Every structure is written in C-alpha cells, then in structure tokens.
Amino acid sequence: MMQRYSWQDDTAITEMSKLLQGGGVLAGSSDTVFGLLSLANDFGKKRLDEIKGRQDKPYLILAQSFDVVARVVDSAQLLQVEKLLRVCWPGPLTVIFKPSLYAQSFYAPSYMNTVPGSWTIAVRVPKHAGLQKLLAQTGLLFSTSANKTGQPVPTTIDQMDADIVRQVDGIVLDGTEKSSTLLTPSTIIDVTGDKLVMVREGAYSKVELESTLGAGDKSF
C-alpha cells in the first residue's frame, strides 16, 4: 500500500529515507514543480525510466550542498561559476556540468548507450527544508517531474497521472498542501562550454543570473 508522508514530520523523513534506500520511489512537492525522487544509482534510474516511460535521458541530481556537488562534477567548471552558485544555491537553479572522474565511474551503467566522455551531469541544491533533511540521510537523489514523457507537468497531486500514482511507493506533501512550494520549474544553465548557455529560463531569469556573475565567472 502506498504511503503518505509530510515534509514537516522528521519521523516520516527517516521512513522515506529507508524507503528510497530500499529501491523505492517517492512523488511529492518540492521547492519547484511536483516531482519524483529515487536514489541516484542505476536501479533508481531504472525505476524512474519505468514510471516515466523513457530510457534515453539522464535525470537531475539533487545534492545537499555545494561541497557535495563538488564530488560529482568537473572541478574546473565548478570553480568558474562558484560565485553564482554560492548566491543561487540552495535554490531553483539547475546546472549542467561535465562529470568528475568519480561520477564517470559510478554512473557508467546509466550511460551505457552514450559515447564515452560525451555525457554531462545536471545538478541542483534544493531550497526546501524537508528535502534537505532527506538528502542528509540518503545522499544524492535523482529527481524528475512527476509526469509521463510528453505529458504536462503536474503542479498538484490531483493532476498526477493515475498510472504514476499506482507505481510510486509513497507521496510526500508540505503539510496539507497538495501543490508544490513553487509552481515554476528551475532555471537550467549549461556551463560545459566557453560561454554559459541558458537551456531553460525558469525561476531565475537570465538578467538575474547575469547581475550575480562575478568578474572571474563565465558569462552568457
């Protein structure tokens, strides 16, 4: 039977941690849109692929802090946008990097159909107290919007596809709220090239990000 949890309940967060560590998938509210969560490993990706109905794309990785992100992304690229990230994280900014050597080895099974050395890794540090507590117990998590591929992204539990509801192992909400804290998706930028690339303008605008960039940072 699918479990229901509250982000405000510390006991529930511990239970959710155990559920995820056992291979489970959660659906719930966050600091952006309604999403799905699994452990950031090959089995977690397979579960999300089954639920989403896809298998050709990687998933966003949620991390508890800048320092945790540093373990899985290219260190030189991270340093080039450090000032920006120190201001925007925790928050709704997703950043695409080249993976670190550790990430290349750890996530290799998830990228078996990709040309070696060509794949990237997208990461974000969420601004959500419950998610932060969960990440402290689980480590890195895969995250994706709670919709079937090609379908609209739900902003409430009532908008979720019934098939997804049947497949997840638990639903977590902010108290009695049925929607996400923020109904706008995160902004996505790509830092793998010589210039920053705005992949998707979401909660942060390009103008906001440009005003935050430091003298030594990459620019758009």
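The values are calculated or read from the model by the stated rules, or taken from the named source; none is laboratory data. Keep in mind that this is a model prediction, so the values were computed, not measured. Heads up, the Cβs are rebuilt from the backbone with ideal geometry, glycines too, and the neighbour counts pull from every protein chain shown. Surface areas here come from the heavy atoms of the whole protein model, side chains and all, with no ligands, DNA or RNA. Shrake-Rupley method; radii C 1.70, N 1.55, O 1.52, S 1.80 Å.
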Please give, to one decimal in nm, the separation of the simple spin-label points placed at Gln80 and Val165, each 7 Å out from Cα toward the Cβ.
-> 4.6
Net lengthening on full extension, Gln21/Gln8 (0.36 nm per residue, minus Cα-Cα) = 2.7 nm
Rolling a 1.4 angstrom probe over the protein heavy atoms, how many square angstrom per residue are accessible across the chain?
-> 47
At R0 = 30 Å, FRET efficiency that the Cβ-Cβ distance of Ala215 and Gln104 yields, to 0.05 | 0.45
Gain in span if fully extended, Gln55 to Thr120, counting 0.36 nm per residue against the direct Cα distance = 21.8 nm
Taking r as the C-beta separation of Val87 and Gln151 and R0 as 22 Å, the FRET efficiency to the nearest 0.05 is 0.05
Estimated distance in nm for a label pair at Lys206 and Ser65, the labels positioned 7 Å out from Cα along Cα-to-Cβ | 3.4
Electrostatic dipole magnitude of the chain [Cβ: Lys, Arg +1; Asp, Glu -1; Cα centre; debye, to 20] = 280
For the chain, the count of lysine pairs 8 or more apart or interchain whose alpha-carbon atoms are under 16 Å apart comes to 16
The chain, accessible surface, carbon-and-sulfur percent (1.4 angstrom probe) | 52
Positive dipole terminus of the chain, leading residue within Asn41, Thr14, Phe66 (C-beta point charges) = Asn41
Ranking by accessible area, most exposed first, for Thr149, Thr187 with a 1.4 Å probe | Thr149, Thr187
